[in-house]
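Contents: one structure, followed by commentary.
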Amino acid sequence: AGFLRAYASDSWQAYNRTATTTNPTGQGDYMPVAAQQLVTSTDYETIEITLPQASGKTAIGRGAVPAKAVALEIVTVPAGVALHVQTSYVRTTGKPLTDASYPRPRQPNSWVLPITRNVVTDFISPSGGPLFLSYSGATAGQKVKLKIKGVVKYAHFDLNDGQAALNDAMAALQRQDYGWATFKFRGGELQQTIATGLKTFKAGMPVGQLRTPQDLITNRIEGILMDTNHMANGYNDMAMPARVSALCASFGWDCSGSTHNKPGVQHFVSWLPACGSGCSGQPIDSDNWTMDIGWGWPHELGHNTVQRWMSVVIDGKGCSTECDNNTLSSAHVLRRYSVLGEDASGGNTGHADLYKMIEDSRATLLIGEPLRADMQARLWGGPEQRPMLAMYFQLAFLYTKAHHGLAQPTADTTIEFLTLLSKGGRLVANTPDADWAAAAPKYGMSRYASKSISNHELLYVLSSRILGQDMRNVFFMYGVPLSQTALDSVADLGGALAPLQFYALAAGKANQLSTGQWLALQAAPTPPPAYPF
């Protein structure tokens with residue numbers, strides 16, 4: 001009977017009223033019982049909220065307390081913008097029919113409730129939660145002003161709010177009396193259970209110390225997680241390096257147009273995942289991961305932003321979902337070590353594994369097409385993604401040598417190559433069919449009657465265009481089949497054949513580029529030089 005009463009009350013709720021009841025023992029891991037004793041505001045305050053894109057959801061920075069009424073009024077809103085309010089932005093909630101107990105409400109987050117001009121909007125939730133503004137019909141950067149009362153300040157971190165607000169948020173984080181912490185940062189927002197939020201600030205710190213919001217958000221979440229993804233994907237919110245800009249100009253590529261605009265705001269939630277322990281989508285969610293810069297978050301964010309050239313599938317096998325996005329995770333750990341000196345996940349990109357495949361393939365004494373097919377089966381036909389990822393970065397290392405003359409690659413110059421591939425791939429995809437014949441030579445695709453091209457050939461022609469060399473022998477060494485159309489298109493560029501070179505890195509050191517050394521290979525059947533690590 002108790003279960004049925006709880007299930008029924010969690011199934012039929014109305015939020016547009018001023019009174020409701022709540023479970024006096026709290027809402028489990030959604031909201032602690034201590035939240036019910038928090039004192040809510042009795043006077044209106046005016047809050048200005050910037051709308052970061054045309055439509056979406058953004059944290060208001062105030063929280064609803066279980067069973068305590070909230071009142072909202074619109075002060076100013078741009079014409080044509082529709083506003084709604086809701087608690088939380090989660091896509092997975094409790095499942096009391098299958099959970100071992102009833103650890104949280106079935107539907108703790110509210111649905112959206114419209115906020116109407118010139119009318120006080122009454123809102124109440126039996127479970128409470130951080131308030132989010134749901135909006136549409138906006139232009140990025142527009143602002144709205146709301147009057148709001150009946151709410152609390154909780155652990156909400158937005159560096160635009162000033163130091164006093166951040167100090168209040170840190171105090172609320174450590175009190176642990178409200179269920180959630182929220183973060184706003186460039187390109188994203190985060191909602192975490194309060195215990196996980198505290199762990200996020202503790203991660204990597206000596207016992208008893210917390211990171212500052214500036215360090216966590218600016219240096220780590222923005223500076224490593226978001227920036228690396230946007231650099232590798234060639235989005236416009238990242239300044240183009242001088243060499244990238246110069247190459248784009250020499251190719252006749254429009255590398256700064258709207259085609260390269262960054263994606264919409266990415267939302268992250270640490271509570272309940274929709275699949276596995278972490279899932280991409282909107283929001284990206286996890287099983288209470290701390291918001292740090294390990295492999296998991298860039299992996300899930302990568303699913304949302306993976307570029308076509310990263311997905312190499314040959315005869316139905318290769319680097320596809322769960323591998324292609326790890327190109328972005330690999331770039332992430334490169335910059336993490338380069339910028340912060342933190343060694344993590346250096347074994348997830350397998351340069352030594354890739355070289356061993358080349359050695360084993362050469363040892364068969366095959367030549368010509370049988371040798372290439374053997375390498376294709378080893379590299380692209382197997383289950384191991386680490387050497388596939390290494391192949392992409394070996395191409396990038398060649399770029400650092402060709403265009404920067406570096407004896408050893410750096411993280412920044414390596415990622416420049418990924419930037420150019422991403423920009424080139426988008427430009428090809430967005431070229432109107434009517435303009436294709438004139439545009440194709442710019443991308444190394446002069447013999448292609450249309451922009452229809454396999455991903456592995458796209459990688460070949462763009463790599464050759466970017467390096468100024470014909471990469472056919474390099475791609476042959478990696479077992480990639482190339483059509484005559486692709487070979488003739490790159491030959492039309494007039495570049496010399498690229499020599500066979502490999503940047504050797506020890507197993508586990510893929511993120512530490514200064515530890516490697518170049519190897520020069522001869523064409524098959526000559527055995528490759530011994531790997532130095």
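Structure values in brief
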| read-out | value |
| --- | --- |
| Relative packing of 302-312, 428-438, which averages over residues the other C-beta atoms within 10 Å, highest first | 302-312, 428-438 |
| For the stretch 274-417: rounded, prolate or oblate by the Cα gyration tensor [a/c cutoff 1.5] | oblate |
| Gyration tensor verdict on the stretch 445-531 (Cα atoms; rounded if a/c is under 1.5, prolate if a/b is larger than b/c, oblate otherwise) | prolate |
| Dipole moment magnitude, nearest 20 debye, the chain about Cα centre, only Lys, Arg, Asp, Glu C-beta charged | 680 |
| Heavy-atom surface of the chain, accessible at 1.4 Å and reported per residue (Å²) | 39 |
| Helix-derived mean residue ellipticity, 222 nm - over the chain, DSSP H n ≥ 4, -39500 (n - 2.57), to 500 | -9000 deg cm²/dmol |
| Dipole-positive endmost among Val33, Met170, Pro114 within the stretch 30-186 (Cβ charges, Cα centre) | Pro114 |
| Under 26 Å from Lys184, Cα to Cα: lysines that are on another chain or at least 8 residues apart | Lys57, Lys68, Lys143, Lys145, Lys147, Lys149, Lys153, Lys199, Lys202, Lys262 |
| Rounded percent of accessible protein surface that carbon and sulfur make up, the chain, 1.4 Å probe | 52 |
| Mean shadow area of the chain over all directions, Cα convex hull, nm² | 27.6 |
| Nearby lysines by direct alpha-carbon distance to Lys356 (threshold 28 angstrom, same-chain neighbours under 8 apart not counted) | Lys317, Lys401, Lys509 |
| Aspartates and glutamates whose Cα lies under 15 Å from that of Lys423, excluding same-chain neighbours fewer than 8 positions away | Asp237, Asp254 |
| Shape category assigned to the stretch 152-280 from the gyration tensor of Cα positions, a/c cut at 1.5 | prolate |
| Net dipole in debye of the stretch 1-123 [+1 Lys, Arg Cβ; -1 Asp, Glu Cβ; about Cα centre; nearest 20] | 360 |
| Net charge, Thr305 excluded, C-beta distance under 14 Å - Lys, Arg +1, Asp, Glu -1 | 0 |
| Sparse-neighbourhood loop sites, trypsin sites (Lys or Arg not before Pro) in the stretch 1-104 - DSSP loop, at most 12 other Cβ within 10 angstrom | Arg17 |
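The values are calculated or read from the model by the stated rules, or taken from the named source; none is laboratory data. Please read these numbers as outputs of a predicted model, since none were measured by experiment. Here the Cβ is made from the backbone with ideal geometry for all residues, glycine too, and neighbour counts use every protein chain on show. Protein only, heavy atoms only, side chains kept; ligands, DNA and RNA dropped before computing areas. Shrake-Rupley method; radii C 1.70, N 1.55, O 1.52, S 1.80 Å.
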